[in-house]
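Remarks on the structure that follows.
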Amino acid sequence: MGEVNMEELLNCALCPNICRCECPVLQVSGREAVAPSGKARLAAMLQQNQLNWDEQVLEAVSNCLGCRGCTIYCPFAELSLCDELLNTRLTARASGVKLAVTDPYISNLRSYGSPYGQKNWSSAAGEKGAEVLYFAGCTSQANHPSAVESARNLLDKAGLSFQMIEEDCCGYPAEVWGDQELARQLAAENRRKIIESGASTLVTNCPECWLTFTNRYPLWGEELPLEVIDGPTYFLKLMKNGYLKPGKSKFKKVSYHDPCIWARAAKKVDQPREILSLIPGLSVEEPLSYGECTRCCGGGSMFQLSFPEKAAAVAKRRLGEFPDQATILTACPFCREGLLQEGRQVFELIELLDSVCE
Ligand code: SF4
Ligand code: SF4
């Protein structure tokens, strides 16, 4: 378990809270308890035994999307409030407190290796022993199999041999819901299968899987002994090296939604735009907030399962920032799911790329 950093937490708890206008959960709920500094105060009081865990307190400190929106204006460069809140939540289980709403999903993870229940898919595909391993992630597999199909099509079109393994959830949802023991079990199982595959490069289009493999697995003692590459960087490289040759798009005007993790944790804001710039005839218009200042779609921290109404309200707020007629593109299964409302057309970048490449 990561240690709670009291100094950082107190900085945040006592801060004038300038970031409050960027925190999507505060914006849609209007509850001061879930403002960044409000959550930090609760976490600091829990840490100093001035407050005891109960379900209400856990609900408040769970009201964080992990979007890092608060970092945009935060004066404390080292502070990652969402990580401090996550570390704080991990101490709740020791006190026997958990959010009832997450029980069925935790139980699904234990029984099926997916928060979405029994898998109706088999992710194993491609050529055993291939150097490139494509890891789709359980959210794409369960909710958006056509994006998985597009990734496979593109690798075929590029003439590359690749493999996919029988994936389990990367473990991130279990940690976000406070069960790090289960997260580590899932990580160990994935790591075993990844090593057995013999691949030297792992590519994923799921930002949470990417962050989990690169940042969380080492913390859990499950570091992966291969290169992990994010989808936008990998597919851009295939285009630049002539493996993928895009033709004209059927969409005229598109607008790209930067997923929070790609934009603020991985700093991958140029690669998706470069991909779009290489597709002939496409006009790209930015939403109101973009790049590293993007705003969350509501899908962070598994909110679509644990707080679905709040997730939908955050997505609706974000949708208001896009030009009316533009087709929305993104590079994350949670963002695509969240933004797909209000009659908007939303696709993953990988689907657009598949549709324009021969
Ligand atoms: S996240 Fe940063 S800006 Fe926001 S309340 Fe905490 S310390 Fe202040
Ligand atoms: S990470 Fe996002 S949801 Fe969490 S406190 Fe910061 S702005 Fe709010």
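What to note about this one:
- Whichever residue in the range 16-43 is among the basic types (Lys, Arg) and either closer than 19 Å to GLY320 by Cβ or near ligand 1 (Cβ under 10 Å from one of its atoms) (or both) and, among such residues, is surrounded by the fewest Cβ atoms within 10 Å (Cβ to Cβ): ARG20
- Among the residues of the range 103-118, none qualifies, meaning not one is over 24 Å from VAL176 (Cβ atoms) and polar (S, T, N, Q).
- Taking the range 80-99 as the range and being near ligand 2 (Cβ under 10 Å from one of its atoms) and either within 21 Å of SER289 (Cβ to Cβ) or in a loop (DSSP other than H, G, I, E, B) (or both) as the test, the residues that pass are SER80, LEU81, CYS82.
- Condition check for LYS237: in a helix (DSSP H, G or I) and farther than 22 Å from LEU340 by Cα: yes
- Residue match in the range 39-60 (condition: under 16 Å from GLY300 (Cα atoms) and either hydrophobic (A, V, I, L, M, F, W, C) or in a helix (DSSP H, G or I) (or both)): yes
- Residue that is farthest from GLU84 (Cα to Cα) [pool: residues in the range 23-36 that are modelled with pLDDT under 95 and not in a loop (DSSP other than H, G, I, E, B)]: GLU32
- Some residue of the range 61-73 being outside the structural domain of LEU305 (by TED's automatic domain parsing), more than 16 Å from ligand 2 (Cβ to nearest atom), surrounded by 21 or more Cβ atoms within 10 Å (Cβ to Cβ) and of a type in the set (A, V, I, L, M, F, W, C): no
- When GLU309, GLU337, GLU348, GLU358 are checked against the criterion of being surrounded by fewer than 16 Cβ atoms within 10 Å (Cβ to Cβ) and under 23 Å from PRO24 (Cβ atoms), GLU309 stands alone in meeting it.
- When residues of the range 113-141 are limited to those that are small (Gly, Ala, Ser) and out of contact with any helix residue (DSSP H, G or I) (no Cβ under 9 Å at 6 or more places or on another chain), the one farthest from VAL228 (Cα to Cα): SER122
- Residue identified as within 16 Å of the chain's Cα centre (by Cα) and either in the same structural domain as HIS144 (by TED's automatic domain parsing) or farther than 16 Å from GLU208 by Cβ (or both) among VAL284, VAL346, VAL314: VAL314
- Scanning the range 299-325 for residues that are over 23 Å from GLU59 (Cα atoms), at pLDDT 95 or above and not in a helix (DSSP H, G or I) yields GLY320, GLU321, PHE322, PRO323.
- Residues that are touching a residue at least 40 places away in the same chain (Cβ under 8 Å) and under 22 Å from the mean Cα position of the chain (by Cα) within the range 8-28 comprise CYS19, GLU22, CYS23, PRO24, VAL25, GLN27, VAL28, listed in sequence order.
- Helices (runs of 4 or more DSSP H) lying entirely in the range 129-233 (those with 1 or more residues that are hydroxyl-bearing (Ser, Thr, Tyr), closer than 29 Å to LEU85 by Cα and not assigned by TED's automatic domain parsing to the domain that holds CYS296): 138-143, 172-176
- Test: residue in the range 45-57 that is away from ligand 2 (no atom under 12 Å from the Cβ), crowded, with 22+ Cβ neighbours inside 10 Å and in contact (Cβ under 8 Å) with a residue 24 or more places away in the chain: yes
- For the range 329-339, the criterion of a residue being at pLDDT 95 or above, assigned to a loop (DSSP other than H, G, I, E, B) and among the hydroxyl-bearing types (Ser, Thr, Tyr) is satisfied by no position.
- PHE76 passes every criterion in (1) more than 10 Å from ligand 1 (Cβ to nearest atom); (2) assigned to a loop (DSSP other than H, G, I, E, B); (3) surrounded by fewer than 16 Cβ atoms within 10 Å (Cβ to Cβ) apart from (1).
- Only residues that are surrounded by 14 or more Cβ atoms within 10 Å (Cβ to Cβ) and either on the phi > 0 side of the Ramachandran plot or part of a helix (DSSP H, G or I) (or both) were counted in the range 2-15, giving 7.
- Residue that is nearest to the chain's Cα centre (by Cα) [pool: residues in the range 61-73 that are outside any loop (DSSP other than H, G, I, E, B) and within 11 Å of ligand 1 (Cβ to nearest atom)]: GLY69
The values are calculated or read from the model by the stated rules, or taken from the named source; none is laboratory data. Fair warning: this is a prediction, and the values are worked out from it, not measured in the lab. Note: ideal-geometry Cβ built from the backbone for every residue, glycine included; neighbour counts use all protein chains shown.
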